[in-house]
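This report concerns only the one structure given below.
The values are calculated or read from the model by the stated rules, or taken from the named source; none is laboratory data. Bear in mind that the values here come from a model prediction, so they are computed numbers and not experimental data. Note that each Cβ is placed from the backbone with ideal geometry, even for glycine, and that neighbours are counted across all protein chains shown. What goes into the accessible areas is simple: the full protein's heavy atoms, side chains included, and nothing from ligands, DNA or RNA. Shrake-Rupley method; radii C 1.70, N 1.55, O 1.52, S 1.80 Å.
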Amino acid sequence: MVPVPAPARHAPPAASLMGNGTDAVVVKPHASPSVRRFARELGVDLSLVRGSGPKQRILHDDVRNWVKGVVAQAGAPAAGAAPTGGGAALGLIPWPQVDFASFGPVETKPLARIRRISAANLHRNWVMIPHVTNHEEADITELEALRVQLNRENEKQGIKVTMLAFLIKACVAALQKFPEFNASLDGESLVLKRYWHIGFAADTPNGLVVPVIRDADRKGVLELARETSALAAKAREGKLAPSEMQGGTFTITSLGGIGGTSFTPIINAPEVAILGVSRSAMRPVWDGSAFQPRLMLPLSLSYDHRVIDGAAAARFNVYLSQLLADFRRAVL
Ligand code: CAO
């Protein structure tokens, strides 16, 4: 796992990256005369420092930590290398400090622990990885019919086969054909993994977690269905062990049960790609002589452009869509 940049406590929380229309309001830094003197001695511009004291007052420690962050950043690797150091010195203007209560009633809720951890990870990954998303559609008309039939057959055993289990199987086949998607950057090398541990994003009352299915290449669809539903249930109860969320080589995030037509998933570092899945829908598809009603599944593949070229991503997504359209290919 890549460490969170040293001056993370001074970085804006990820959730705040969504604009709130208040960017123009900037207040003067709030600090005691001794902190101002300390900052002057070190040549620190206090408007760049985030205060951790009451009412965001800047403390000696905030100045010290800010300097440490800048020093750590100076020792960070050159562009193109895998991120291992800080990420604070982006040369951005300070985060807007706004007294929201002066505009209307507000309620302040501390972020849950899982959300704080995932926010820091998502923020780092979004800022440090050059993301591009490739969108594709898969014709899953036949696959959905097979899924419904399997569920009818396995009803008594209590196994529910979900689209996610088929997606894991198909992704493993695509990852085996395109190994650079099952890899991580390590300095100036690419580590290609010869194991296929697939993570899937699970929405829980405490926030987003990513349980990992180990050795997904050695498991059949029914076993994958059983394991994903057991891990998802454990995730919702907050009972996942750390080891059940580690070692992933590729992640799938499915919003298909909720809705939407496409989205831009954030890569789960140190992985280099992630597949977002939206809700399937019946669409008229031209077969060369007439429109046919087909069930189409939207696939959004985000990839690290330092490692993967746009053409490779398009090939991966097209291949994945072919596997889902004719699932016999996934077991070849
Ligand atoms: N298109 C249409 N329907 C779909 C679908 C899709 N792509 N995927 C699932 N569905 C249907 C299922 O068939 C199921 O229908 P029935 O209840 O009629 O059988 C229903 O939607 C609910 O499915 P589900 O989402 O509970 O099950 P799943 O196996 O597809 O997903 C899990 C499991 C853990 C991925 C899911 O519960 C979850 O947490 N999803 C959210 C992930 C998330 O938050 N991602 C965002 C991360 S980035 O912020």
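For region 233-249, a residue qualifies if it is crowded, with 19+ Cβ neighbours inside 10 Å and either within 23 Å of M296 (Cβ to Cβ) or within 11 Å of the ligand (Cβ to nearest atom) (or both), and exactly one does: A235. The number of residues in region 202-232 being open to solvent by 30 Å² or more (accessible area, probe 1.4 Å), in contact with a Leu (Cβ under 8 Å, 6 or more places away or on another chain) and not in a helix (DSSP H, G or I) comes to 0.
Take the residues in region 144-191 that are within 13 Å of the ligand (Cβ to nearest atom) and in a loop (DSSP other than H, G, I, E, B); name whichever of them is least open to solvent (accessible area, probe 1.4 Å). Among those that are within 13 Å of the ligand (Cβ to nearest atom) and in a loop (DSSP other than H, G, I, E, B), it is V161.
Within region 169-199, the set of residues being aromatic (F, W, Y) and either out of contact with any strand residue (DSSP E or B) (no Cβ under 6 Å at 6 or more places or on another chain) or modelled with pLDDT under 95 (or both) comprises F178, Y195, W196.
Listed here are the residues, each with its yes/no results for (1) in contact (Cβ under 8 Å) with a residue 12 or more places away in the chain; (2) under 30 Å from R115 (Cβ atoms); (3) charged (D, E, K, R).
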{"site": "E237", "(1), (2), (3)": "no, yes, yes"}
{"site": "M245", "(1), (2), (3)": "yes, yes, no"}
{"site": "P270", "(1), (2), (3)": "yes, yes, no"}
{"site": "A273", "(1), (2), (3)": "yes, yes, no"}
{"site": "S278", "(1), (2), (3)": "yes, yes, no"}
{"site": "R283", "(1), (2), (3)": "yes, no, yes"}
{"site": "A314", "(1), (2), (3)": "yes, no, no"}
{"site": "V318", "(1), (2), (3)": "yes, no, no"}
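Annotation note: Cβ proximity below 7 Å between a residue of region 98-117 that is in a loop (DSSP other than H, G, I, E, B) and a residue that is surrounded by 10 or more Cβ atoms within 10 Å (Cβ to Cβ) and modelled with pLDDT under 95 (sequence gap 6+ or interchain) occurs for V98/T22; V98/V25; L111/A119; A112/N206; A112/G207.
Residues in region 314-332 that are open to solvent by less than 30 Å² (accessible area, probe 1.4 Å) and within 14 Å of E137 (Cα to Cα): 6 in all.
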